[in-house]
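> I have a structure here, written as structure tokens, and I will follow up with some questions on it.
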Amino acid sequence: MITRKEKQFIIVVATVALAVLSRVHGAAPTVELIDTPTAMTLDRGFYNVGFYVYNNGGIFIKSLIGVTEGITLGVNESVERAISTSSAVWHIPSVMAKFRLLGGAPDALHLALGFGPQTYNDGGYRQGEPVQSLYAVVSQGVPLFVKDSFQIFTGGVRYPVLPEAYRQQNFVSGFAGFSSFIGKQLEVKIEVENITFRPEESPVYNASAGFHFSDMFSVELDLQYTYTGTHTLNRMIKLNYNNIFY
């Protein structure tokens, strides 16, 4: 009998397969969904700087730059309880890299190797610090235009390559998301991540509403819900800046 976890994983894989068979022209999927890295990379010369404030007064800063058409590099730093009444906890800055092996066209299937703290979704921390490790990710976006409104469905599967202990079926995770622009400035996103075969792991449900003041600057409010014996709702405010080196 197929378990609930296996059904969820099959749904995500089917979403990706359907996307491959239903290619339409449009804009490319984003480098990240709300909280999950896709196989997309930034174009050469493009960069993104994000400033995040999350649940307990923590601050997270992330920067990404497109070195070539298929290589994106980045660095991030997090400080827990940075603006709370408790003592701040500084984490060691972590680096990120993503190498796109397949894809490029907006409606193509994308495959990439990534390095960073996002290899697997069971926390990714060891003794309080993020684990830097290697993962493979395949994703597909299906862009649609409905009544002058841009929408995109994105689905994918992430597979941990290193450390070797995580290179097994139970640590493969799926994700699926939907993004829609309402008008030219308001963007709404939903996402399900961490869909695995591990019975002790629960999927993570994310929702986001963002306002784009311009092509370069946006503000988002994100909600992240998970259930691991107790209900947990994390809230996050994001300030995003995008630009290009000419």
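Derivation of every value follows stated rules applied to the coordinates shown; laboratory data play no part. Nothing here was measured: the structure is a model prediction, and the numbers come from that model. Here Cβ is always computed from backbone atoms with ideal geometry, including for glycine, and neighbour counts include all displayed protein chains.
> Can you list residues from other chains, or at least 5 along the same chain, whose modelled amide H is less than 5 Å from the amide H of THR68?
none
> Between LEU101 and ASN56, what is the FRET efficiency for a Förster distance of 41 Å, r being their Cβ-Cβ separation, to the nearest 0.05?
In this case the efficiency is close to 0.60.
> Can you sort PHE175, PHE213 so the residue with the fewest Cβ neighbours within 10 Å comes first?
So the ranking, lowest neighbour count to highest, is PHE213, PHE175.
> Something else about it: Listing MET216, MET236, MET40 from the residue with the fewest other Cβ atoms within 10 Å to the one with the most, what is the order? All intermediate terms of the calculation are to be shown ahead of the outcome.
Working: MET216 12, MET236 19, MET40 24.
Fewest-to-most Cβ neighbours within 10 Å comes out as MET216, MET236, MET40.
> Taking a spot 7 Å from the Cα of LEU144 along the direction of its beta carbon, which residues of region 178-192 have an amide N less than 13 Å from it?
Counting backbone N atoms under 13 Å from the label point, the list is 178-181.
> If you rank GLU77, GLU200, GLU191 by fewest surrounding Cβ atoms within 10 Å, what's the result?
GLU200, GLU77, GLU191
> Continuing with this model, one more query. Just to confirm a number: summing +1 for Lys and Arg and -1 for Asp and Glu over residues other than ALA88 whose beta-carbon lies under 13 angstrom from that of ALA88, what do you get? Don't skip to the answer; put the middle values down first.
Numbers: positive: ARG81; negative: GLU77, GLU80.
Summing Lys and Arg as +1 and Asp and Glu as -1 gives -1.
> Can you give the local net charge around TYR225? Use residues other than it whose beta-carbon is closer than 12 angstrom to its beta-carbon, Lys and Arg +1, Asp and Glu -1.
-3
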